[in-house]
Amino acid sequence: MRTALLVFVVVLLIGHVQMQEWPTLKHDNQHTGFADSLLPEDGEIAWISHVDGTLSSLAIQDYSIFVGTDKGTLHAISVFNGKELWRFGTKEKVSSPTISNERVYFGSGDNLYCLNATTGEKIWSYTTGNIIRSSPVVTNDAVYIASDDDIYALDAMNGKLIWKKNFGNEITASPALDNGILFFGTSGGTVYAIRIGNGSVVWSKILDNCGTLSSPTVGGGRIYVGCSNGLIYSLDETTGAELWTFKAGGRIESSPSYANSIICFGSYDSLIYTLYSENGALKWSYATDGQIKSSPALSNNRVIATSQDGHIYVLNAESGEVTWKHQIGATGNSSPAIAYEKIFIGTSDGELYCFGSWGSLPGETSWKGVVYLTIALLLFFCMWWLDRKPRSVIAKKSGGVAEI
């Protein structure tokens, strides 16, 4: 019984560390943009690292940051000090990466790459023949990627084609995945829901005069997607039926984020919006001094967003009041990431920021998880030894053999 309890503790600790990571665009395959994590109380900077080129959105796992550039490189960078661990060169702009099972997946030009996340060595690549702009969706078995007007399903282990399907219009935004269904929009303004097993269409919904769509977000049984005409739509996840719309004052490239029955997004009208997900009613809006192009991140009671005015903003999710903000320069389209109780953000000037002190020990809160895990393992072996010793003694006294 004691051994079983210790095993349970170890599993919980490992799960806690994994919950603090940010393995793909907007944290998860549903693109919620939400991480259950504490955040820095002010704009203290732990480090700034320079990487040549405009930076993609980030993926963070195993204390490493993975970021692509428009110069054709993917970089692995330490979360503790911003030092480069390795880099991989391609010939074209690199899309936002995804980490899964110690592998990193990303698009560059017309190639999808799979690398060893620890060493940066190429495991496989697949050529689609058309440019890949979006971030891949990865499950244990397969990788799903949009290239021009096609969706590809590839074997995650070897890169072999499972299926491919054409949808008639370009797919530039990243698909989202929930319950075995892939959701994405096209440049023609149609939202699709397809089965990941064979690409068959579950439903499709034409959004009138919508134009280019943002990456969709799945939350609370609904799909949320923004349009270049300034409308944000809420669709039923199962049927695609329109539930409500909200009109912002400008173009929406920002993919909505979802948590605790609210959605949050930005617009070219310079506003950060928070709506009630049930009916689309405005909860609050906050005016910045520049267009909002990137997607916000959510954590507990905070909203983290960047504006083309050069600032990163941390706002109270209930009131919209500023908790703190910091000037970071040209923000570009890279979205904030939350990991290990820190905020990470890249800029179009090639600056990668880590906000939040690591404390007196390397890794502070992150290393607490490692320390706790070590203690749990020591306790496990101590309890195993104590359980073993009495049985050994009894076996010797009885002349029998004890099972260990």
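For the pair Asp36 and Lys165, the difference between a 0.36 nm per residue extended length and the Cα-Cα distance amounts to 42.9 nm. Sequence-ordered 3J(HN,Hα) estimates for the stretch 311-316 from the Karplus curve with 6.51, -1.76 and 1.60 and θ = phi - 60° stand at 10, 9, 10, 10, 10, 6 Hz, glycine and proline given as x.
Fewest first, what order do Lys205, Lys164 take by the number of other Cβ atoms within 10 Å?
Least crowded to most crowded, the residues run Lys164, Lys205.
Here the relative contact order of the stretch 2-367, from alpha carbon pairs under 8 Å that lie six or more residues apart, stands at 16 percent.
Simple rule: put +1 on each Lys or Arg Cβ and -1 on each Asp or Glu Cβ in the stretch 2-367, find the dipole, and look at Gly120, Gly43, Gly346; the Cα lying farthest toward the positive end is Gly120. In this rough spin-label picture, where each label sits 7 Å from Cα along the Cβ direction, the Asp141-Val202 distance is 1.6 nm.
For the stretch 137-184, the percent of C-alpha pairs falling in each 5 Å distance bin, counted from 0 to the bin holding the largest distance, reads 5, 21, 32, 26, 14, 2. Of all aspartates and glutamates in the structure, those lying under 14 Å Cα to Cα from Lys91, and not within fewer than 8 positions of it along the same chain, are Asp70, Asp110. If r is the Cβ-Cβ distance from Ser319 to Asn179 and R0 is 30 Å, what FRET efficiency results, to the nearest 0.05? Here the calculated transfer efficiency is 0.35. Each semi-axis of the equivalent ellipsoid for the stretch 233-300 is √(5λ) with λ an eigenvalue of the Cα gyration tensor; in descending order they amount to 20, 13, 11 Å.
Here the stretch 207-234 is scanned for amide nitrogen atoms under 19 Å from the site 7 Å beyond the Cα of Glu278 along Cα-to-Cβ, giving 219-224, 234. Quick note on the stretch 2-367: its Rg to Rh ratio, both from C-alpha atoms and Rh being the Kirkwood radius, is 0.95. Sorting His27, His50, His311 by the number of Cβ atoms found within 10 Å of their own Cβ, with the fewest placed first, yields His50, His311, His27.
Put in order of Cβ neighbour count within 10 Å, fewest first, the listed residues Thr54, Thr331, Thr245 become Thr245, Thr54, Thr331. For the pair Trp47 and Gln327, the difference between a 0.36 nm per residue extended length and the Cα-Cα distance amounts to 99.4 nm. Packing here is the average count of other Cβ atoms within 10 Å per residue, and on that basis the peptides 262-275, 81-94, 281-294, 226-239, highest first, run 262-275, 226-239, 281-294, 81-94. Our estimate of slack between Trp244 and Asp289, defined as 0.36 nm per intervening residue step minus the Cα-Cα distance, is 13.4 nm.
Cross-link check: pairs Lys83/Lys325; Lys93/Lys122; Lys71/Lys165; Lys283/Lys325; Lys71/Lys122 evaluated at a Cα-Cα cut-off of 23 Å; pairs beyond the cut-off: Lys83/Lys325; Lys71/Lys165.
Read the figures in this text as sums done on the coordinates, not as results from a lab. None of these values were measured; they are calculated from a predicted model. Here the Cβ is made from the backbone with ideal geometry for all residues, glycine too, and neighbour counts use every protein chain on show.
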